Amino acid sequence: MKSSITDSYQLSSLIELTSNLADESMHSDLSSKTILLNAVNKLLWTLNFDHCLMIHSNGQTDYLYGDSEDSLISEINKLSIKELKNNTIIKLNQIDFYLTYQILPLENDKANTLVFLQQNQAFSSSSLILIELFSAAVKRLLITKEQEHKRIKLKNEAQVLLRSNQLKSEFLGNMSHELKTPMNGILSLVKLLQSTELEQTQFDMLTTIYDSTHNLLNVVNDVLEYSQLDTNNIKILTTPFVVNDFFKALLQPIEKVIKDKKLCLKCQISPNVPRQLIGDTLRINQLLSNILNNAVKFTEQGEISIIVNGQSDANNLFNLNIEVSDTGPGMSEDAQTWLFEPFVQGDGSTTRQYGGTGLGLAITSKLAKAMCGNIKVESKQEQGTKFIVTLPLKVVSELNPLSSNTHQAPDIKHDLKLQPHSILIVEDNLINQKVAGLLLAKLGYEFDIAENGQVALEKLEKKHYSFIFMDIQMPVMNGYDATKAIIHRYKQQRPTIVAMTANTFETDKEQCFAVGMDDFVAKPISEQEIIRVLSLYPVRIAPS
């Protein structure tokens, strides 16, 4: 803050007044100066050079440097004595003399800092040396104080930000559970109802209910997924995969829509692409699915083409290049500039015609960056759109093919051999209890229900279960704690534990496996997934 005319007037008046009052033995009674010192909107000190002590400040230390007056006086006194201990202080005649001395302003100083000196000697070159030494000491202390104050402020801000992110993650987890649980119940019950004998009109109405609920669930998933990515709360988990198998599985979900819209789907994988690569297949699938779903949604006639190629680089990585082209309406150059921004989708007419949140491509862009890749778009209006994704992936050597224990989900078939499990459903939500129970009853299983982890432990003491479907968020005892307790108590003779939850973030899956769960089934629960896990895990020997 620069000195004003008023400040200069105040200081001039103060110097003049203190000079006039010097003859009245001010050094023995500082109280009369306190009001004057405090009236100046600058940081002032009164110093006694007889003892090299700071004996008063004008109370601006709290505002300017975030420290109390007593604390700063104590520290300056220690510092001044340390600075001056090797200097000879000459005793002079007892002559009171008062002088203001201005220290050079600190960086980002809120006021010009002034030192008000009281000394028992006439103004001389010796006193100037003492003033310079003391001023230098005070300035260094204030700089240190200012830096420490900034450091503490930054530390506190970092802690607040960290806590804010933690609260945001907890909120997302709770919202994921609260929003998706009722929708998952609707989807599962509609699917079960569609498997009964119905008139065509009834079946069609149920299909409409299912599609509408599924679209709403997709919107919720987009918002939650983007929020998760926006906090950088994402881990990339790489595993080996067979390229041809990956793209076959990627295209399977859109084949029906392609057929219904009478579009042509082409997929060409270049011979130079290695047979096996290492990457996060879940995230790559999510990234490419967003692009493909957009291509299908916006293309009314013509074709959708996928071309896969790439080349090796100097870092022994293969830059996998995936081009997804469509014959849709295309985009203007202006639209392409903000295409990957969140909540943006062409214009209002695009949203009204095709729906969606405008988050899909924002999520896609963040996923590409998280995997050290990139995505770009080429498009012209009325000439279609091409998305080009490049991902640097490690290559699996042909001398070291996919190991036999690499996890790959088996093909889901209804004729898989179901194991004769004794099943316990651990779930607090009544709708989810009903859905899981109906699916198991349809497959011929008997089961019991526990409404939380603590009740599950009590039931296990009375009866042996070979298979547990475990919800995560429950009152009294959650699924994580219940799983750890079961594994600790029963060890190798424990039942198979499969997570059954609406929390489908990658971090949720990681935590499920970290506590010892065997598998993961996402809600809405599908009959195929139930069949898969009940066929995959054999019955363990019951504890004696």
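The values are calculated or read from the model by the stated rules, or taken from the named source; none is laboratory data. Only a predicted model underlies this, so the values are computations on that prediction, with no experimental measurement involved. Positions of Cβ are generated from backbone atoms using ideal geometry, with glycine treated the same way; all protein chains shown enter the neighbour counts.
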Can you say whether residue 297 is closer than 19 Å to residue 387 by Cα, over 28 Å from the mean Cα position of the chain (by Cα) and either assigned by TED's automatic domain parsing to the domain that holds residue 359 or among the acidic types (Asp, Glu) (or both), as far as the supplied structure shows?
yes
Among the listed residues 485, 450, 456, identify the single one that is at pLDDT 95 or above, surrounded by 15 or more Cβ atoms within 10 Å (Cβ to Cβ) and more than 21 Å from residue 437 (Cβ to Cβ).
485
Qualifying residues in the stretch 278-305 (those that are in contact with a Phe, Trp or Tyr (Cβ under 7 Å, 6 or more places away or on another chain) and of a type in the set (A, V, I, L, M, F, W, C)) - the one surrounded by the fewest Cβ atoms within 10 Å (Cβ to Cβ):
298
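Quick grid of which residues meet (1) more than 16 Å from residue 239 (Cα to Cα); (2) of a type in the set (A, V, I, L, M, F, W, C); (3) at pLDDT 95 or above:
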site	(1), (2), (3)
360	yes, no, no
363	yes, yes, no
376	yes, no, no
383	yes, no, no
389	yes, yes, yes
398	no, no, no
403	no, no, no
Within the stretch 214-237, track down each residue that is part of a helix (DSSP H, G or I), of a type in the set (A, V, I, L, M) and modelled with pLDDT under 75.
223, 224, 229
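Residues are listed down the side, and each one gets a yes or a no for (1) among the small types (Gly, Ala, Ser); (2) touching a Ser or Thr at 6+ places or on another chain (Cβ under 6 Å); (3) assigned by TED's automatic domain parsing to the domain that holds residue 213; (4) more than 20 Å from residue 433 (Cβ to Cβ):
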position: 494; (1), (2), (3), (4): no, no, no, yes
position: 497; (1), (2), (3), (4): no, yes, no, no
position: 500; (1), (2), (3), (4): no, no, no, no
position: 503; (1), (2), (3), (4): no, yes, no, no
position: 509; (1), (2), (3), (4): no, no, no, yes
position: 517; (1), (2), (3), (4): no, yes, no, no
position: 529; (1), (2), (3), (4): no, no, no, no
position: 532; (1), (2), (3), (4): no, no, no, yes
Output the residue which, of all residues in the stretch 252-277 that are part of a strand (DSSP E or B) and of a type in the set (S, T, N, Q), is surrounded by the fewest Cβ atoms within 10 Å (Cβ to Cβ).
268
Okay, helices (runs of 4 or more DSSP H) sitting entirely in the stretch 457-544 with 3 or more residues that are more than 28 Å from residue 220 (Cβ to Cβ) and in contact with a Leu (Cβ under 9 Å, 6 or more places away or on another chain), I get 479-490, 527-536
